[in-house]
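The next block holds one structure in the form of structure tokens; read it before the comments.
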Amino acid sequence: MSMVLAVACGGAFGAVGRYLISSHMQTVAGNNFPWGTLTVNILGCAILGALVTVFSHIWSPTQEMRAFLTVGMMGALTTFSALSLEVVLMIERAQWGMAAGYIIASVTLCVAATLLSMAGMRALL
């Protein structure tokens, strides 16, 4: 139960951070491009990369703290950070084809799923 609570608390912080950062960026840069989403995705990827590196080199936090920061906070800030980390780990293992396939499949299938679900819901409504 402590792991679930850690993820939930981290998720609350990440979700609020996503909202504040995205809102600010859209206000500053305008609504002609999803600057807010792009910003949180890039920021989340950078933070997750830094956290994983710190965890493996200088800090060994509890499993709950890891879950709070990575799954909860970064997961709520951006799910793109998780995809990016997984791709980097594949690249580090020299699994270039798998990494490329994962990128192509993730972007293509997720965009397609969004399009199809939106079309389906529009048809129902």
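The values are calculated or read from the model by the stated rules, or taken from the named source; none is laboratory data. Please read all numbers here as calculations on a predicted model, not as lab measurements. No Cβ is skipped: glycine too gets one built from the backbone with ideal geometry, and neighbour counts run over all protein chains shown. To get the accessible areas, we keep the full protein, side chains included, count just its heavy atoms, and leave off ligands, DNA and RNA. Shrake-Rupley method; radii C 1.70, N 1.55, O 1.52, S 1.80 Å.
Would you mind calculating the gained length between PHE55 and SER2 on full extension (0.36 nm times residue separation, minus the Cα-Cα distance), in nm to one decimal?
Answer, rounded to one decimal: 17.1 nm.
Would you calculate, for the chain, the mean residue ellipticity at 222 nm contributed by helices, counting each DSSP H stretch of 4 or more residues as -39,500 (n - 2.57) and dividing by all residues, to the nearest 500?
Computed mean residue ellipticity for the chain: -26500 deg cm²/dmol.
Please give the residues of segment 1-18, grouped as numeric ranges, whose backbone N is less than 19 Å from a label point set 7 Å along the Cα-to-Cβ vector of GLN63.
1-11
For segment 60-73, what does the Karplus curve 6.51 cos²θ - 1.76 cosθ + 1.60, with θ = phi - 60°, yield as ³J(HN,Hα) per residue in whole Hz, taken in order and with x for Gly and Pro?
Couplings: 10, x, 5, 4, 5, 5, 4, 5, 4, 6, 8, 6, x, 5 Hz.
Work out, step by step, the length gained on full extension between SER117 and ALA15: first 0.36 nm times the residue separation, then minus their alpha carbon distance; give nm to one decimal.
Contour length minus the Cα-Cα distance gives 34.4 nm.
Angle check, please: helix 96-124 long axis (alpha carbons) against the longest principal axis of the chain (alpha carbons), in degrees 0 to 90, nearest 10.
Its long axis makes an angle of about 40 degrees.
What accessible area per residue comes out for segment 1-59, rounded to a whole number of Å², with a 1.4 Å probe?
65 Å²
In segment 45-69, whose amide N lies under 17 Å from the spot 7 Å out along Cα-to-Cβ of VAL107? List them in ranges.
Within reach of a label on VAL107, which here means backbone N under 17 Å from a point 7 Å along Cα→Cβ, segment 45-69 contributes 45.
According to the Kirkwood expression over distinct Cα-Cα pairs, how big is the hydrodynamic radius of segment 1-117, in Å?
Radius from the Kirkwood sum: 15.4 Å.
Helix 35-57 versus the longest principal axis of the chain: what angle, 0 to 90°, nearest 10, using Cα atoms?
Helix 35-57 and the main axis of the chain meet at about 20 degrees.
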